[in-house]
1. Against the definition (aliphatic (A, V, I, L, M) and either touching a His at 6+ places or on another chain (Cβ under 7 Å) or without any contact (Cβ under 8 Å) to a residue 12 or more places away in the chain (or both)), how does Val106 come out, yes or no?
2. Taking Met377 as the residue in question, decide whether it is modelled with pLDDT of 90 or more and either buried (at least 17 other Cβ atoms within 10 Å of the Cβ) or outside the structural domain of Gln394 (by TED's automatic domain parsing) (or both).
3. Do any residues in region 38-51 that are among the small types (Gly, Ala, Ser) have Cβ atoms under 7 Å from those of residues that are in a helix (DSSP H, G or I), where the two are at least six apart or on different chains, and which pairs are they?
4. When only residues in region 184-198 that are surrounded by 14 or more Cβ atoms within 10 Å (Cβ to Cβ), touching a residue at least 40 places away in the same chain (Cβ under 8 Å) and outside any strand (DSSP E or B) count, which is nearest to the chain's Cα centre (by Cα)?
5. Any residue at all in region 171-182 that is at negative phi, under 23 Å from the mean Cα position of the chain (by Cα) and touching a residue at least 40 places away in the same chain (Cβ under 8 Å)?
6. Looking at region 236-352, what helices (runs of 4 or more DSSP H) fall wholly within it and have at least 3 residues that are modelled with pLDDT under 90 and either more than 21 Å from Ala439 (Cβ to Cβ) or acidic (Asp, Glu) (or both)?
7. Specify the residue that is nearest to the chain's Cα centre (by Cα); the eligible residues are those in region 46-99 that are β-branched (Val, Ile, Thr) and crowded, with 21+ Cβ neighbours inside 10 Å.
8. Of everything in region 347-366, what is charged (D, E, K, R) and either touching a residue at least 24 places away in the same chain (Cβ under 8 Å) or closer than 18 Å to Gly334 by Cβ (or both)? Give them in sequence order.
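The values are calculated or read from the model by the stated rules, or taken from the named source; none is laboratory data. The structure displayed is predicted, hence computed values, not measured ones. Methodologically, a virtual Cβ is constructed for each residue, glycine included, from the backbone with ideal geometry; neighbour enumeration extends over all protein chains shown.
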Amino acid sequence: MEGITKRFGSATALDAVSLTIERGEVHALVGENGAGKSTLVKILTGAYHRDEGTVVLDGVPVEFRTPADAQDAGVCAVHQEIHLLTHRSVAENIFLGREPMKWGLVDWSRMNAEAAALLAALGLDIDERATVGSLNTARQQMVAIARGVSLGARVLVLDEPTSSLSPREVAILYELVGRLKAQGTAIVYISHRFDELYAICDRVTVLRDGKLVETRPLAGLERLDLVCLMLGKPREALRAGITAFGHGHASQAVSSTAPLLRTEHVACGTRLRDVSLEVRAGEILGLAGLLGSGRTETARAVFGADARDEGAVFVDGARFDPQSPDDAIRAGIGFVSEDRKAEGIIPEMSIRENLTLAALPSLTRFGIVSRSKQRAMVDRYMQRLGIKASSADQRIRELSGGNQQKVLLARWLATSPRLLILDEPTRGIDIGAKGEIQALVNELAAEGLGVLMISSELEELVEGSSRVVVMRDGRNVAELVGSGISQQSIIHAMADESDTPTATPA
């Protein structure tokens, strides 16, 4: 792929990106959220059409109009979400849409035999007659890969293939990837887990903000340097004072007060393994980590959006076992999700309706919403947060991203929370709105609100946090306080191979 450019309206998702993959190579494709990985893969597999650039397969220029075109040419993708028919057999899924026929009917014996031979060649002990729904996630993932191989895949894209696998199942996947590599298959491997990349990948291509940063062998590339390439940060200490959090708050950790929130060894699925942290009233606890480290999963577990498998959560010292977000809201916890469009705003509803959504119980009597109370609440928060709109009845989808984010903040402030969880609070908004929101968060903490702030912006964490907890592979691996909070120390903790939690003294 050479000079690949893709635009969506006025936004450029990919800007002259190039990617070269060799036969029998496992090539890592990495980058933070929004770097352009998914867009590049969708162009490679025919799901998107490129605006500029060329794609050459075995020396021949190709133009894939659909994923079917790409599959016919031997370019296949196995996505993080497994797309199989769970009520059909393994053999049926492998040969879906191209079943062997005999006298106008499906040749079941031939299909089962060919599926069994394929699974055996890949070293997979899976019954080809088993219903896919009866298999665990790991085996379903293997079936999806086997289907790609059966299509004659010369280029196979594996997108976060171990996201739902146990360590034993990951080892099976590694063996399968090794077999495919030995057979000459070119594999594009997308993962945020460094252990995987260094275990099986030969080279890595790093994308950032839709642009190619670098392609180089993984051998000899230190993990710390890879993190720096992904984040665009040098090893040396970086400049400070570039957010609107103000000065001095980061050193004002309220260590003498009892924790408002405490988690102990919280685990949830395969994404969250062991998380222990504390948030006190009046402080901003920063939560750092690369995408996939478990930051959002921690927030969802605290908020009751995901059920915990292990561990405990305490609010004001009392055991807290939320069965749903409604329990968390009643306990005084608010949560601004990182996905503003999918999990935040209701686009066709007005600012007034979106802002008061979580506070409706306090505005309602006998099932009727008090319009006067609702109007007073909306006016108060639109003025306090400086929400720019023609009126409170304007549809929220018509606002800028920054003003939408302010409405979501106002939604939770209207519930008078004690703890506010902010997941990427300034992502995707302009510099002016970003500064206003940063200043507001700082002001709220100064007023006594406990804040758990997840951010990929290291400047936000360094300048806005009382303490910073760094996560990696579903665990908290470091806690930084006082003068120990720096961009370099956060990057080191992200890349450190040690799994032993550490603390940096003030």
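1. Answer is yes for this residue.
2. So Met377 passes the test.
3. Gly46/Pro67; Gly46/Asp69; Gly46/Ala70; Ala47/Pro67
4. His192
5. The answer is no; no qualifying residue exists.
6. The helices (runs of 4 or more DSSP H) meeting that bar are 340-343.
7. Val78
8. Answer for region 347-366, where residues must be charged (D, E, K, R) and either touching a residue at least 24 places away in the same chain (Cβ under 8 Å) or closer than 18 Å to Gly334 by Cβ (or both): Glu348, Arg352, Glu353.
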